[in-house]
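A.B. asks: My questions will all concern the structure given below.
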Amino acid sequence: MNLPNLKEAKKRENSPVETFDARNIKSDKFEGKYFYLRTYGCQMNVHDSEEIKGILSNLGFRQTDDYEKAHLIVMNTCAIRENAHDKVFGFLGRVKHLKKDKPDLIVCVGGCMTQEENVAETLKNKYPFVDIVFGTHNINDLGKLILEHQNKQDIEVYSIEGNIYENIEYKRDSKYTAWVNIMYGCDKFCTYCIVPYTRGKQRSRKMEDILDEVKDLKKAGYLEVTLLGQNVNAYGKDLSDGRDFATLLEEVAKIGIPRIRFVTSHPWDFTEEMIDVISKYDNIMPYIHLPLQSGSSRILKLMGRRYTKEEYLELFNKIKEAIPGVSITTDIIVGFPNETDEDFDETLDVVNKCQFDGAFTFIYSPREGTPAALIKDNISMEVKEERLQKLNKIINDYSLMHNKEYEGKTVKVLVTGMSEKGENKVCGYTETMKLVNIDGALNDIGKIIDVEISSAKSFSLDGKKVTFVNN
Ligand code: SF4
């Protein structure tokens, strides 16, 4: 795939940008002005947006939820699915109208989509009112780009990954739970996935830097960290110190932060050592997201997933046996090219055997530039939708079945905020990552409390705070 090379691709260690540390520029130039940030896509983007918020705050901006009130708009885009593009271009249409009334408005577009072939060109030719286009490899330059912006469109998208920057001043969304990047990019090249092209090759952060960040978060009172990467299980494979994800997880656990999670896991890299570490430490949460994608070994091979149906089941059973009460969720794609009814039945067979706690299910759509896009997308939308509906029905039944097991039990919940399910209700997550809506307990936001579960639905639990009486 040809990545956009509007700027000549250059190794950042040789780039003039490199000599100027643009990470945490401070300025009062935009004091009293507002920014509006729109984030699309996965947790990685959500966390990148925390970096963007830090950068903008350092320039004096304050955040607004009303894009019409903003002096600067940033769109942090996603490239995983086609409709992500439509959403971005749809919103840009509204921004174009706004800019007619507010010519000084600064419009920035960044994220995975801008790393895709032709997107920067499209923004240049069809959306000239966009002021700044940046990519996933130079988020840290955004402050500099904004400060130096003149009247012409700035397109700064690099096709080569840069160095890993430390000491980023994130403005985190939560005071209790934090994302911690442990690596960037991915080397797996699953045939349907655009990530290795938009995020680049795998680069692991040094273990000491990750541990320092977790220690700082603990000091700041955070109760939960989620170690973040496209394929966390491959952590360290690009480093020369021989330390892997199991070692990192154990070191993080020893820091003593109450809750540790990690996403996302690729089954191919999931080792017995990791299972041992998870089962050994109480503060590593018994929740694993283990993407299956398909239950057919034939389709898995076409997807480049590197495991068979049998190997996935073997790993799944090992995890279930070693970690009592573990909850396992998954991702499944239906309608991959050449997926037959028999292949789909294999997927249902795995779902019935694993009885997942939950799943994100998707209809396959080709992403331009990936190897799978070269295979004819020969499954009709009607068949794809039929398969999705059938799959979702089974998945939801298993989710409800698992959730029902919680009724009458008392579980630990980290209360993260107000619930959308009514006034005087807060919400939070169990150790197994079940969403719980809780009556009362308004003062308990930011605490881990005991909750008695009164009823279960497919996607959430309801409960009441338990107050223990000392006799
Ligand atoms: S493991 Fe596969 S699906 Fe996941 S990010 Fe890497 S290439 Fe994409």
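A.B. asks: Quick one: net charge around Glu407, please, counting Lys, Arg +1 and Asp, Glu -1 for every other residue with C-beta under 10 Å from its C-beta. It would help to have the intermediate numbers written out before the result.
C.D. replies: Numbers: positive: Lys404, Lys409; negative: Glu405, Glu452, Asp462.
With Lys, Arg at +1 and Asp, Glu at -1, the net is -1.
A.B. asks: Between Lys320 and Asp216, what length in nm is gained on full extension when 0.36 nm per residue of separation is reduced by their alpha carbon distance? Each step should come with its number before you reach the end.
C.D. replies: Values: separation 104, 0.36 × 104 = 37.44 nm, distance 3.28 nm.
Difference between extended and current length: 34.2 nm.
A.B. asks: Rounded to the nearest 20 Debye, what is the dipole magnitude of segment 327-375 about its Cα centre when Lys and Arg each give +1 and Asp and Glu each give -1 at the C-beta?
C.D. replies: On the way: 2 positive and 10 negative charges, 51 e Å.
Charge dipole, segment 327-375, about its Cα centre: 240 debye, nearest 20.
A.B. asks: Per-residue HN-Hα couplings for segment 280-288, Karplus 6.51 cos²θ - 1.76 cosθ + 1.60 at θ = phi - 60°, whole Hz, x for Gly and Pro?
C.D. replies: Those phi angles translate into 7, 10, 5, 8, 8, 5, x, 9, 9 Hz.
A.B. asks: Of all accessible surface on segment 12-156 at a 1.4 Å probe, what whole percent is carbon and sulfur?
C.D. replies: So the carbon and sulfur contribution to the accessible surface is 45 percent.
A.B. asks: So for the pair Gln150, Asp187, with labels modelled 7 Å out along Cα→Cβ, what separation do we get in nm?
C.D. replies: In this crude spin-label approximation the distance works out to 4.3 nm.
A.B. asks: With a 1.4 Å probe and every protein chain left in place, work out the accessible area per residue of segment 410-465 in Å², rounded to a whole number.
C.D. replies: Working: 2750 Å² over 56 residues.
I get 49 Å² per residue for segment 410-465.
A.B. asks: Hey, with R₀ at 60 Å, roughly what FRET efficiency would Glu342 and Lys237 work out to, going by the Cβ-Cβ distance, to 0.05?
C.D. replies: Values: r = 35 Å, r/R0 = 0.58.
Result of the calculation: an efficiency of 0.95.
A.B. asks: Sticking with this structure for a sec: Which percent, to the nearest 5, of DSSP beta bridges fully inside the chain are antiparallel?
C.D. replies: Working: 22 of 65 bridges.
Taking every DSSP beta bridge within the chain, about 35 percent pair in antiparallel fashion.
A.B. asks: Calculate the spin-label point distance for Glu121 paired with Lys393, positioning each point 7 Å from the Cα along the beta-carbon direction, and give it in nanometres.
C.D. replies: Output for this residue pair reads 4.6 nm.
A.B. asks: So, in nm, how far is label Lys353 from label Lys457 when the simple model puts each one 7 Å beyond its Cα toward the Cβ?
C.D. replies: Result for the modelled spin labels: 3.3 nm.
A.B. asks: While we're on this one: What cysteines in the chain have no other cysteine with a beta carbon less than 4.7 Å from their beta carbon?
C.D. replies: Result for the chain is Cys42, Cys78, Cys108, Cys112, Cys186, Cys354, Cys427, no neighbouring Cys Cβ within the cutoff.
A.B. asks: If the only charges are +1 at each Lys and Arg Cβ and -1 at each Asp and Glu Cβ, what is the size of the charge dipole of the chain around the Cα centre, to the nearest 20 debye?
C.D. replies: Numbers: 65 positive and 74 negative charges, 203 e Å.
It comes to approximately 980 debye.
A.B. asks: Classify segment 12-156 as rounded, prolate or oblate from the Cα gyration tensor: take a ≥ b ≥ c as the square roots of its eigenvalues, call it rounded if a/c is under 1.5, otherwise prolate when a/b beats b/c and oblate if not. Could the numbers behind the result be given before it?
C.D. replies: Details: a/c = 1.35, a/b = 1.08, b/c = 1.25.
Cα axes put segment 12-156 in the rounded bin.
A.B. asks: Please list, in chain and number order, the residues 5+ apart from Tyr34 or on another chain whose amide H is under 5 Å from its amide H, with Hs placed from the backbone.
C.D. replies: Amide H to amide H, under 5 Å and 5 or more residues apart or across chains, Tyr34 pairs with Arg62, His71, Leu72.
A.B. asks: If you wrap a convex hull around the alpha carbons of segment 410-465, what volume per residue comes out, as a whole number of Å³? Each step should come with its number before you reach the end.
C.D. replies: Values: hull volume 3.6 nm³, N = 56.
Cα-based convex hull of segment 410-465, divided per residue, equals 64 Å³.
A.B. asks: Report relative contact order for the chain in percent, whole number only (criteria: Cα-Cα under 8 Å, sequence separation at least 6). Kindly include the intermediate steps, with their values, before the conclusion.
C.D. replies: Values: 930 pairs, mean separation 48.3, N = 471.
For the chain, the relative contact order is 10 percent.
A.B. asks: Hey, another quick one. To the nearest 20 debye, what charge dipole does segment 12-156 have about its Cα centre, counting +1 at the Cβ of each Lys and Arg and -1 at the Cβ of each Asp and Glu? Spell out each step's value before the answer.
C.D. replies: Values: 20 positive and 23 negative charges, 106 e Å.
With only Lys, Arg, Asp and Glu charged at Cβ, the dipole is about 500 debye.
The values are calculated or read from the model by the stated rules, or taken from the named source; none is laboratory data. What you see is a predicted model, and the numbers here were worked out from it, not measured in a lab. When we count neighbours, we look across all protein chains shown, and the Cβ atoms used for this are built from the backbone with ideal geometry, even at glycine. These area figures cover heavy atoms from the full protein model, side chains too; ligands, DNA and RNA do not enter into them. Shrake-Rupley method; radii C 1.70, N 1.55, O 1.52, S 1.80 Å.
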